[in-house]
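The structure appears below as structure tokens.
The values are calculated or read from the model by the stated rules, or taken from the named source; none is laboratory data. A quick note: this is a predicted structure, and the numbers were derived from the prediction, not measured. No Cβ is skipped: glycine too gets one built from the backbone with ideal geometry, and neighbour counts run over all protein chains shown. Just the protein is used for accessible areas: all its heavy atoms, side chains included, with ligands, DNA and RNA removed. Shrake-Rupley method; radii C 1.70, N 1.55, O 1.52, S 1.80 Å.
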Amino acid sequence: MKLLIPTDGSMYSSNAAKVAAKIAQNHDYRLIVLHVVPDKGFSRKTWQKKGADSVISTITDILTEAGCDEDRIDTIIEDGSAPEKIVEIARNEGVDRIVIGTQGKNGLKKIVGSVTEKVLQISDVLVLVVPPNYTA
């Protein structure tokens, strides 16, 4: 089973990583950790690169601490629109499931963050949304 774990560095992404680790332990797995740096039409700045590396590292640490083999974890940093890149990478990598967290906002966005909402709308890959209060 191939799982995509998009991360923005939030606790919601950390929760999603813990769920993905639990799923992976029951399957022959490959994990892909993805961080998308918003593309504002400029090249990525050094601080954005360091920040992206830190976000990816945090999630890979969570996965390895949960018992996932580091050799089965791939990492990707992309520039662009997060929802579109998440769906594009999922398609290109042939993932079985996107495991994504939520974020608290208003109305519908209180339940599902705007990136998660958009991924749900445009993805043809199964999406597992991890609720904010879920403890893995």
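Points worth noting:
- Across region 21-41, the number of residues qualifying as over 23 Å from Arg97 (Cα atoms) and at pLDDT 85 or above comes to 0.
- In region 3-26, the residue that is farthest from the chain's Cα centre (by Cα) out of those that are surrounded by fewer than 24 Cβ atoms within 10 Å (Cβ to Cβ) and not in a helix (DSSP H, G or I) is Asn26.
- For first residues located in region 117-136 and part of a loop (DSSP other than H, G, I, E, B), partners that are surrounded by fewer than 17 Cβ atoms within 10 Å (Cβ to Cβ) and not charged (D, E, K, R) and lie 6+ apart or on another chain with Cβ distances below 7 Å form the pairs Pro132/Gly104.
- Tally, over region 77-103, of residues that are within 11 Å of the chain's Cα centre (by Cα) and assigned to a loop (DSSP other than H, G, I, E, B): 1
- Residue list for region 62-78, filter: open to solvent by 60 Å² or more (accessible area, probe 1.4 Å) and not hydroxyl-bearing (Ser, Thr, Tyr): Glu65, Asp69, Glu70, Asp71, Arg72
- Here Arg44 meets the list (1) open to solvent by 70 Å² or more (accessible area, probe 1.4 Å); (2) at pLDDT 95 or above; (3) in contact with a strand residue (DSSP E or B) (Cβ under 8 Å, 6 or more places away or on another chain) almost entirely, failing just condition (2).
- First in region 67-82 and in contact (Cβ under 8 Å) with a residue 40 or more places away in the chain and under 16 Å from Gly51 (Cα atoms), second anywhere and part of a loop (DSSP other than H, G, I, E, B) and not β-branched (Val, Ile, Thr), Cβ under 8 Å, 6 or more apart: Asp79/Pro38; Asp79/Asp39; Asp79/Arg44; Gly80/Pro38; Gly80/Asp39; Ala82/Asp8; Ala82/Pro38
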